[in-house]
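*Asks:* One structure, pasted below without further comment.
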Amino acid sequence: MELSGKRVVVVGGGIAGLTAAYDLARRGAAVTLLERRPLLGGLARAGEDGSGLELYYHFICGADTALVALIEELGLGPELQWTPARTAYHVSGRLYPFTTPLDILRFPPLSLRDRLRFGRFAAQCRSRKRWEELDEQAAETWLRRETGPRVYDVIWRPLLELKFGGFYPQVSAAWFWHRLWRASQSRSSLLQPEKFGWLLGGTQSLLNALAARLSEHGAEIRLGEAALRLVIRGGRVLAVTTATEELPADAVIQAVPLPDAAALLPPEASTWQQELLAVDFLGVRCLRLRLDQSVSEAYWVNVNNPQVAFNGFIEYSRLNPHVEPGGALIYIPMYLAADDPRYHLSAEDLTQELLQGLSVIAPGFEASSLREAVLTTDPYAQAVTPPGFRHRIPGLAGPVRGAYLLDSSQLYPSDRCLSGMVRLARRLVTELKI
Ligand SMILES: Cc1cc2nc3c(=O)[nH]c(=O)nc-3n(C[C@H](O)[C@H](O)[C@H](O)COP(=O)(O)OP(=O)(O)OC[C@H]3O[C@@H](n4cnc5c(N)ncnc54)[C@H](O)[C@@H]3O)c2cc1C
């Protein structure tokens, strides 16, 4: 095997690091994977309570072919389920279905003209192939021009805010188009509802299967051990330091968000470090609620209501009915910049604010039905990709020989997703030059 005997350190035990480590180990490399948390999974991790419940919701789209191929390769095909899912919009104090073209044609907050305009635009996005010219403009400008101010204010702005908080005016049209395209690939036809995939044991089964394969192939997984520095001499990487030792390496793959990767670079790589730090990131705060009862018929509810602090929630148990027996599992995500006061609000106060918002938009919600509320915060959950980002996508190979990067901004114009990171990680292993 071409990588036989080569020492590779993979930093980060999220889906990208695990997939890269798996392919490297299969090709004979001596792999050490460092994960600073006590458990694998990164943004797709479950909590530490042993329930296996993910801290953030994860669904699989029809376009997620790399992920589906990996699931099958690992023998998890029978665990993969597909469920048609309904969407709804909460606008002006009311909840409207928003799943099929018929729902959209009947959507009262928009005039008939706007509904038709919206429908035509959605169909165009589904069939569009080229995106380069969309990279030159902001999503806001493009959406206003193509669908009009009312459609923008009612439909698109809340979606953009849901994902980018205060950064939403900066997002490129290419990113937004790809997001619509990816969702549209989950419909077998324009008239069918979207179908989303999920694993019976959650993303945790995939993580477990990857970890087991890594061990079978002799890779070493070190949990609770952070990489602290890359050792670089003469323009090539030689080792990675941890708190206790220096691990010699022929190659290092940093499968971590760009700001974490930048923090590992020594002064010799300061130009590269500045490039990585030039990409803005949003953090996420997400409330996971286990309830005695469902609060919505829909899997995904978009929210456009100034009285409510969030722009959407996900009733995950509408997709996976086994996930919360006799009750419902809900996620309320908020993407926030690090200087947003809500990023620093105490967990108790933010939880109260979000529960209060839920009671406004889901009158069926009763505080007494709450089984558990868990608020999770991650600092680097979403890269902000402004117009022109296609010229700034960080390369898989850095300017330092033997040093490689895996970060979701490299998926541009695609949004971050598990499947994209699997695809990138597998590509990187085939391109690795040691
Ligand atoms: C709220 C939310 C919902 C999502 N929903 C979906 C969905 O429905 N479908 C979908 O496909 N995707 C979804 N995603 C995106 C998906 O979770 C990510 O794209 C994916 O998990 C990223 O994987 P990764 O391995 O690239 O990075 P990460 O998951 O960020 O993993 C990086 C790992 O590196 C570790 N690390 C960092 N620095 C160091 C260091 N110095 N030393 C050692 N370890 C280090 C971290 O602890 C982490 O475990 C969602 C994300 C969020 C936040």
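The values are calculated or read from the model by the stated rules, or taken from the named source; none is laboratory data. Small disclaimer: the values here were computed from a predicted structure and weren't measured. We place every Cβ from the backbone using ideal geometry, glycine too, and count neighbours over all the protein chains shown. Please note that ligands, DNA and RNA were not included when accessible areas were found on the heavy atoms of the full protein model with its side chains. Shrake-Rupley method; radii C 1.70, N 1.55, O 1.52, S 1.80 Å.
*Asks:* Please report how far the C-alpha centroid of the range 229-273 lies from that of the range 372-414, rounded to the nearest whole angstrom.
*Replies:* If you average the Cα positions of each part, the centres end up 17 Å apart.
*Asks:* Next up: Would you mind counting up the charge near Val154? Only other residues with Cβ under 15 Å from its Cβ, with Lys and Arg at +1 and Asp and Glu at -1.
*Replies:* +2
*Asks:* Lys and Arg at +1, Asp and Glu at -1: add these up for the other residues within a Cβ distance under 12 Å of Gly5 and post the number.
*Replies:* Net of charged neighbours comes to +1.
*Asks:* For Cα pairs less than 8 Å apart in space and 6+ apart in sequence, what is the mean separation divided by the residue count of the range 100-192, i.e. the relative contact order in percent?
*Replies:* Computed value for the range 100-192: 37 percent relative contact order.
*Asks:* Considering only protein heavy atoms and a probe of 1.4 Å, how much of the accessible area of the chain is carbon and sulfur, as a whole percent?
*Replies:* C and S fraction of accessible area: 51 percent.
*Asks:* Return the FRET efficiency for the residue pair Ala278, Arg145: r is the Cβ-Cβ distance, R0 is 35 Å, and the value is rounded to the nearest 0.05.
*Replies:* It comes out at approximately 0.80.
*Asks:* Same structure again: Round to the nearest 0.05 the FRET efficiency obtained for Glu48 and Gln81 when R0 = 30 Å and r is the Cβ-Cβ distance.
*Replies:* It comes to 0.70.
*Asks:* Give a residue-ordered list of calculated ³J(HN,Hα) values for the range 140-149 (Karplus: 6.51 cos²θ - 1.76 cosθ + 1.60, θ = phi - 60°; whole Hz; x for Gly, Pro).
*Replies:* 4, 4, 5, 5, 4, 5, 7, 10, x, x
*Asks:* Taking a point 7 angstrom from the Cα of Arg342 along the C-beta vector, which residues in the range 129-150 have backbone N less than 14 Å away?
*Replies:* none
*Asks:* Here is a follow-up. Excluding residues fewer than 8 places away in the same chain, name every one of the lysines whose C-alpha is closer than 23 Å to that of Lys163.
*Replies:* Lys195
*Asks:* Further, regarding this structure: What percent do you get for the relative contact order of the chain when only Cα pairs under 8 Å and 6+ apart count?
*Replies:* Once normalised by length, the contact order is 24 percent.
*Asks:* Find the accessible area per residue for the chain; the probe is 1.4 Å, ligands and nucleic acids are left out, and the unit is Å².
*Replies:* Counting only protein heavy atoms, the per-residue value for the chain is 41 Å².
*Asks:* With unit charges on the beta carbons (Lys and Arg positive, Asp and Glu negative) and the dipole taken about the Cα centre of the range 154-262, which residue among Ile155, Asn208, Ala249 sits farthest to the positive side?
*Replies:* The Cα lying farthest towards the positive end belongs to Ile155.
*Asks:* Convert each backbone phi in the range 153-161 into a coupling constant with the Karplus relation 6.51 cos²θ - 1.76 cosθ + 1.60 (shift: θ = phi - 60°), then list the ³J(HN,Hα) values in order as whole Hz, x for Gly and Pro.
*Replies:* 5, 7, 9, 7, 4, x, 5, 5, 5
*Asks:* Can you tally the net charge around Leu238? Count Lys and Arg as +1, Asp and Glu as -1, for every other residue whose Cβ sits under 15 Å from the Cβ of Leu238.
*Replies:* +2
*Asks:* Here is a further query. What does the C-alpha gyration tensor say about the overall shape of the range 100-192? Classify as rounded when a/c is under 1.5, otherwise prolate if a/b is larger than b/c, or oblate.
*Replies:* Oblate is the answer for the range 100-192, as a/c is 1.5 or above yet b/c matches or exceeds a/b.
*Asks:* Here's something else I'd like to know. What ranking of Tyr343, Tyr404 comes out by heavy-atom accessible area, probe 1.4 Å, highest first?
*Replies:* Tyr343, Tyr404
*Asks:* Something else about it: Restricting to the chain, what percent of DSSP beta bridges are antiparallel, rounded to 5?
*Replies:* Around 65 percent antiparallel, to the nearest 5.
*Asks:* Let me ask another. I'd like the distance between the alpha-carbon centres of the range 154-210 and the range 20-94, rounded to an integer number of Å.
*Replies:* 14
*Asks:* Would you pull out the residues with amide H under 5 Å of Leu247's amide H, same chain only if 5 or more places away, H placed 1.01 Å from N?
*Replies:* Val240, Thr241, Thr242
*Asks:* If you don't mind, there's one more thing I want to ask. Fully extended, how many nm does the chain gain between Arg120 and Glu268 (0.36 nm per residue separation, minus their Cα-Cα distance)?
*Replies:* Here the answer is 48.0 nm.
*Asks:* Work out from phi, with θ = phi - 60° and the Karplus expression 6.51 cos²θ - 1.76 cosθ + 1.60, the ³J(HN,Hα) of each residue of the range 58-71, listed in order in whole Hz, and give x for Gly and Pro.
*Replies:* Couplings: 9, 10, 10, 9, x, 7, 7, 5, 5, 5, 4, 4, 5, 4 Hz.
*Asks:* Under 23 Å between alpha carbons, and skipping anything fewer than 8 positions from Lys433 in its own chain: which lysines qualify?
*Replies:* Lys6
*Asks:* Among the DSSP beta bridges whose two residues both lie in the range 1-152, what percent are antiparallel, rounded to the nearest 5?
*Replies:* Beta bridges within the range 1-152, antiparallel portion: roughly 50 percent.
*Asks:* While we're looking at this one, here's another question. Can you tell me what percent of all Cα-Cα pairs in the range 183-313 are more than 20 Å apart?
*Replies:* Result for the distance tail: 70 percent.
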